[in-house]
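The values are calculated or read from the model by the stated rules, or taken from the named source; none is laboratory data. Because the structure is a prediction, the values reported are computed rather than measured. Here the Cβ is made from the backbone with ideal geometry for all residues, glycine too, and neighbour counts use every protein chain on show.
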Amino acid sequence: MSIAMIFKVAVLAIFRNKTRSLLTCLGIIFGIAAVIAVLAIGKGASAMMVAEISQMGNNLVMVFPERRPAGAVHQGLGGGQNMTAEDVLAIKNELSHLIAYASPQVNAASQLMYQNKNWSTRVQGVSTEFPDIKNWTLRDGRFFSEQEERRAARVCVIGTSVANNLFGDEDAVGKTMRINNMAFKVVGLLNSKGANNWGDDQDDTVMAPYTTVSRVLQGSSFKSINMMNLSLHDMNDLDEAKREISALLRQRHKLADYQDDDFETRDTTEIMNTIGSVTGLMTVLLTVVAAISLLVGGIGIMNIMLVSVTERIKEIGLRMAIGATPFMILAQFLLEAIVLATVGGLLGVALGVGVARLIGAIKHWPIVIEVSSALFSFGFSAFVGVFFGFYPAYRASKLNPIDCLRYE
């Protein structure tokens, strides 16, 4: 009997019991579907995180003053008073071979007013290089100039959420609004970035010269800043840049060798690695659950094949009596198990893709379905068929044809 004939007989045997065959495949179907859906959603989430982080800045490195306790309250990042705009200027000038753009940042929670409307948001005091660092572009108007930055001019650039809430359908550019009851002229409107993955509205922002925010809104005579934003020429130079930034700041802050840094450096790779480790852990956990489903499905195939061998003992005896060899019997039952598993794998791949796309459509998540993961899942289902189908097939091939013909 040829392999093609053995395969045909195996397929006919499966289709004689369609319902039982389908129920046998369910474990494989749901296991493969879970693997495909989990990998597609996990990789899509990683891609979304990478895109989100890329919006945070262009080759971004952030430096914060040290965290200092204030009485019983421990201040967060940026709460120290030991970092100044001069530090940023020194880094930009002395490390120009590494640093493309640099901007100090001073934050102030403020109340905005225009005519009879008001809105509360955070005003970011930054330099003219801030849009290049954070990938901000303008929809209308312009960004404030270096001259306006030097003389602490009361000008600002606003996000679309601020514009919608304060100005409605009016053109915001050229209008004067009040920030903490002080007049500021709107010189530019930023393009929308939307909400980030943490749910924060990136368009709910106002940017003004850091000199203005420090002197006018904070009313501070100190030159301290909340953080500095740096953009590297090349992210491959990250380690060297962090070392040189640290060395320069320690020198400027006159720190002895035994003293700890009074600043903290962070970059987007740290955030990406943290997010990647979390999503990777979740993917592993869910894949383990899916693997357990595949194991259960494989055990189901083994059980059904053992039942099938018992039900078809006389058929096995007749085949052996007319010349079928033990290898042919083993091949027939093993092919039945493989067909069950691979059909289940195909249905599982289709179901997994469908579920992933459905979840992506409902939750508005990107879905990344890789052909390699689908092929791996399909191949794994075939392996499950071989692994769990071999024992029943081997048992059938070892039956005595005389005992089979006598079996009732």
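For region 224-233, give me each residue that is of a type outside the set (A, V, I, L, M, F, W, C) and either at pLDDT 90 or above or exposed (fewer than 15 other Cβ atoms within 10 Å of the Cβ) (or both). Within region 224-233, N226, N229, S231, H233 meet the criteria. Tell me, which residue of region 177-207 that is in a strand (DSSP E or B) and under 32 Å from the mean Cα position of the chain (by Cα) is surrounded by the fewest Cβ atoms within 10 Å (Cβ to Cβ)? It comes out as A195. Among the residues of region 239-260, those identified as small (G, A, S) and out of contact with any strand residue (DSSP E or B) (no Cβ under 9 Å at 6 or more places or on another chain) are A247, A256. Somewhere in region 325-344, is a residue without any contact (Cβ under 8 Å) to a residue 60 or more places away in the chain and not in a helix (DSSP H, G or I)? So far as region 325-344 goes, yes, one or more of its residues are without any contact (Cβ under 8 Å) to a residue 60 or more places away in the chain and not in a helix (DSSP H, G or I). Pairs are defined by a Cβ separation below 9 Å, a sequence spacing of at least 6 or placement on different chains, a first member in region 138-151 that is without any contact (Cβ under 8 Å) to a residue 40 or more places away in the chain, and a second member that is among the hydrophobic types (A, V, I, L, M, F, W, C) and assigned to a loop (DSSP other than H, G, I, E, B); the pairs so defined are S145/A153; Q147/A153.
Inclusion of T279 among residues that are at pLDDT below 80, outside the structural domain of V35 (by TED's automatic domain parsing) and among the polar types (S, T, N, Q) is not warranted. Please determine whether any residue of region 126-136 is modelled with pLDDT under 90, under 29 Å from the mean Cα position of the chain (by Cα) and among the polar types (S, T, N, Q). Yes - at least one qualifying residue is present in region 126-136.
Suppose we keep only residues that are in a helix (DSSP H, G or I) and of a type in the set (S, T, Y) within region 356-408. Which one would you say is nearest to the chain's Cα centre (by Cα)? Top of the filtered list is S373. Do you know which of the residues in region 208-223 that are modelled with pLDDT of 85 or more and aliphatic (A, V, I, L, M) is surrounded by the fewest Cβ atoms within 10 Å (Cβ to Cβ)? Step by step, filter region 208-223, then rank; the result is V216. Of everything in region 249-273 that is aliphatic (A, V, I, L, M) and at pLDDT 85 or above, the residue that is surrounded by the fewest Cβ atoms within 10 Å (Cβ to Cβ) is A256.
Of the residues that make up region 166-176, is at least one more than 25 Å from the chain's Cα centre (by Cα), in a helix (DSSP H, G or I) and among the aliphatic types (A, V, I, L, M)? Scanning region 166-176, I find at least one residue that is more than 25 Å from the chain's Cα centre (by Cα), in a helix (DSSP H, G or I) and among the aliphatic types (A, V, I, L, M), so the answer is yes. Scanning region 94-131 for residues that are buried (at least 16 other Cβ atoms within 10 Å of the Cβ) and outside any strand (DSSP E or B) turns up L95, L98, S127, T128, E129, F130, P131.
Scanning region 277-308 for residues that are in contact with a Ser or Thr (Cβ under 8 Å, 6 or more places away or on another chain) and either outside any helix (DSSP H, G or I) or surrounded by fewer than 15 Cβ atoms within 10 Å (Cβ to Cβ) (or both) yields a total of 0. Restricted to region 234-248, and to residues that are at pLDDT 90 or above and either of a type in the set (D, E) or within 19 Å of N59 (Cβ to Cβ) (or both), which residue is surrounded by the fewest Cβ atoms within 10 Å (Cβ to Cβ)? Applying the filter and picking the extreme gives R243.
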